[in-house]
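Student: Pasting a structure below so you can have a look.
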Amino acid sequence: MNILRIDTRSASAVESLAALRGKLAADGEVVSEAGWQKTIEVFGEPLAPQQVVERICRDVRDRGLEAVLDYTAKLDGVELTAETLRVSVDELAATHADIDSDYLELVRRITKQILDFQTAILHRDVTIDLPNGGGWLRQRYVPLARIGCCIPGGAAAYPSSVLMTAVPAQAACVPEIVIIAPPTKYGSYNPDLLATCYELGITEVYRMGGVQAVAALAYGIDGLPRVDKIVGPGNLFVALAKKYVFGTVDIDSIAGPSEVVVIADERTSPAWIASDLIAQAEHSPGASILLSWSESLLDDVALELEKQLACLDRSELARQSLEAFGALVLVKGRREAAELTNEIAPEHLHIECSQAGALAESIHNAGATFIGPLCPVPLGDYVAGPSHVLPTSGTARFASGLSANDFLRAGSMIHVNETGLQQIAEDAIRMARREGLTGHAASVQMRTQ
């Protein structure tokens, strides 16, 4: 396998790591060859991804439903109408009735796990009394009225993304939840996905994906009122579309390719490590980086990757990701592994070496951290409770994973009575005058006379 090998002791290590991080950036334009060809086919010229996004978003904003249907036909190859764009409640109910009961029980168990966690971390209103009974200050949290969840459906079905986006919103008591998924067998024609929506009580599901769907959620179209926030994973075009409409609506993040950093030592099973790297790579694109101070372990993992890829259903896609975005990195020790991880700020961090918990305490920049060899990343992808919608492309330096709290809007409430006014009025008046805003000062002063 032609996977990148980096030794941090070499002179080229810094340059190699910088080049790898550049590929993982949200503006790295990681587009498949098929994606480039589709752009030329639809627009007649090789537009950059950002240009494609701007053109489609403006068109949907100006032409609404007509533009969404046009781009769905051109980009997805599916002819829809105003009546068939939305999945009917009857179809959702029928799919739910036909799905096997074992799957529904699985969905219910996972839903409970997510709800238990998301409800536990939910922000609560906080009220502080002013001294001497002078009034009170309150931080109030109000759920957003309407949100949209983007569910991928190009190369695989992701009912788990319905759970990991919609259930946190339900924990926050969002009353209206919209699901969009591309009109494919893995998207809005997928029985598991439709049955999951109906099981959650979500009946507003639309057969559309990509940039046109993000624009429709942001601006609203006939039959689909605009939302307040757009969340959920997607490819580069979806990420750039969310970036474009931010400000018209809120978004969760601008996500790049999925990624994992694994830290391991000679005590860790090479087979387990290889499986962890492959699990991320099969997202295609997906970045898989192994950090270790054991050169023999890196060699063993490289051999194990070849062995496991030979038996994998999506082996070619995973191999492409490993060769394009993967790396086996030899570091000097635990300290350098921690420093390098903090610099990379990965979406997923799996610490599989000895004393994993202690090492985790020194690493602050990661979307989700999985501690110990018995805690692989797919547990977080599917069942643990925290959402699998996480910051990528180094944004874990400042961003957090999606949670129920992201569906709450915080607002302050202030009440003072005569006692409270007398206690704080003079400071307000003095600060207003200091800034030269005498109207502000007068507004307070006239109430104290």
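The values are calculated or read from the model by the stated rules, or taken from the named source; none is laboratory data. Being a predicted model, the structure only gives us computed values, none of them experimental. Positions of Cβ are backbone-derived with ideal geometry, glycine not excepted, and every protein chain shown enters the neighbour counts.
Student: Which is over 19 Å from the mean Cα position of the chain (by Cα) and within 30 Å of Arg267 (Cα to Cα), of Ile414, Ile363?
Tutor: Ile363
Student: Looking at region 79-121, which of its residues are within 21 Å of the chain's Cα centre (by Cα) and loosely packed, with under 11 Cβ neighbours inside 10 Å?
Tutor: Once the filter is applied, which keeps residues that are within 21 Å of the chain's Cα centre (by Cα) and loosely packed, with under 11 Cβ neighbours inside 10 Å, region 79-121 yields only Ala120.
Student: Something else now. Picking from Ala218, Ala239, Ala255, which residue would you name as being farther than 20 Å from Gly401 by Cβ and either within 14 Å of the chain's Cα centre (by Cα) or among the aliphatic types (A, V, I, L, M) (or both)?
Tutor: Just a single option satisfies the conditions, and that option is Ala218.
Student: Among the candidates Ile147, Ile110, which residue alone is touching a residue at least 24 places away in the same chain (Cβ under 8 Å), closer than 30 Å to Tyr189 by Cβ and in a helix (DSSP H, G or I)?
Tutor: Ile110
Student: Being assigned to a loop (DSSP other than H, G, I, E, B), over 26 Å from Leu92 (Cα atoms), more than 18 Å from the chain's Cα centre (by Cα) and among the basic types (Lys, Arg) narrows it down to one of Arg140, Arg124, so name that one.
Tutor: So the residue among Arg140, Arg124 that is assigned to a loop (DSSP other than H, G, I, E, B), over 26 Å from Leu92 (Cα atoms), more than 18 Å from the chain's Cα centre (by Cα) and among the basic types (Lys, Arg) is Arg124.
Student: Name every residue in region 153-179 that is closer than 16 Å to Ile251 by Cα and at pLDDT below 95, in order of residue number.
Tutor: If the condition is that a residue be closer than 16 Å to Ile251 by Cα and at pLDDT below 95, then no residue fits.
Student: Counting only residues that are among the small types (Gly, Ala, Ser), in contact with a helix residue (DSSP H, G or I) (Cβ under 7 Å, 6 or more places away or on another chain) and either part of a helix (DSSP H, G or I) or under 23 Å from Val167 (Cα atoms) (or both), how many does region 392-440 have?
Tutor: Matching residues across region 392-440 total 5.
Student: Taking region 164-181, which residues are touching a helix residue (DSSP H, G or I) at 6+ places or on another chain (Cβ under 6 Å) and touching a residue at least 60 places away in the same chain (Cβ under 8 Å)?
Tutor: Pro168, Ala169, Ala171, Ala172, Val174, listed by residue number.
Student: Output yes when any residue across region 360-368 is touching a residue at least 40 places away in the same chain (Cβ under 8 Å), closer than 21 Å to Ala327 by Cβ, touching a helix residue (DSSP H, G or I) at 6+ places or on another chain (Cβ under 7 Å) and not aliphatic (A, V, I, L, M), and no when none is.
Tutor: No: zero hits.
Student: OK, next. Evaluate the following for Ala432: is it of a type outside the set (Val, Ile, Thr) and surrounded by 13 or more Cβ atoms within 10 Å (Cβ to Cβ)?
Tutor: yes
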